[in-house]
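Undergrad: Sharing a structure with you now.
Nothing in this text is a laboratory measurement; each read-out follows from the coordinates by a stated rule. In this text, all values refer to a predicted model and were calculated from it rather than measured experimentally. Every residue, glycine among them, receives a Cβ derived from its backbone with ideal geometry; neighbour counts consider all protein chains shown.
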Amino acid sequence: MEKSPEAFGKLYDGYATRIYRFIYFKVSSSTDAEDLTAEVFLKAWQYLSEGKEIRSFSGLLYTIARNQVIDFYRRGTASKEPKLEDMELENLSDGGKMKEGLEKMQEATALVKKLKLLKDEYREVLTLRYIDELAPGEIAEILNKSGISVRVLIHRALKALKKIIEKSKNLQ
């Protein structure tokens, strides 16, 4: 396969934000997420350079991203909690309005905390489906599962998240 930096640049532009977001929800640090995202695209470039067959570029990226996060935690360099200062206000605000941006930031932080209470498998499938907006078929390819098992997993994850949300409302 002939390497085309321009074509790869277009793929990077199309997927970088999604891969960053996927990683961020797993590592909760913007600096770590940026570093890991860069590593994902470097590994993807190397994979393409070897001329290996690729059925789905997004599937390749998410698989590499999952493996990078696993390696990150194995190295023991993971941050403990998401930090508000790590979340970019301008990306969360609507039309630059500070109040709305702060409210969205608080909601995102609360969601991250609730997602962290889920099993890793549930958190991952919900992130892929509802944050990265991937179809169940794409998720099945990334997770190396059947489409039916992914749908069941999404259903169970939503049910578990609903219980967590109800429990937190009852405590307030």
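Undergrad: Considering region 1-41 alone, what residues qualify as being surrounded by 12 or more Cβ atoms within 10 Å (Cβ to Cβ), free of Cβ contacts under 8 Å to residues at least 24 places away in the same chain and farther than 20 Å from Ile139 by Cα?
TA: Ala33, Glu34, Asp35, Ala38
Undergrad: Could you check region 34-56 and list, in sequence order, the residues that are at negative phi and not in a helix (DSSP H, G or I)?
TA: Of everything in region 34-56, those that are at negative phi and not in a helix (DSSP H, G or I) turn out to be Glu50, Lys52, Glu53, Ile54, Arg55, Ser56.
Undergrad: Name the residue that is nearest to the chain's Cα centre (by Cα), counting only residues in region 126-172 that are loosely packed, with under 14 Cβ neighbours inside 10 Å and not in a helix (DSSP H, G or I).
TA: Filtering region 126-172 for residues that are loosely packed, with under 14 Cβ neighbours inside 10 Å and not in a helix (DSSP H, G or I), the one nearest to the chain's Cα centre (by Cα) comes out as Glu133.
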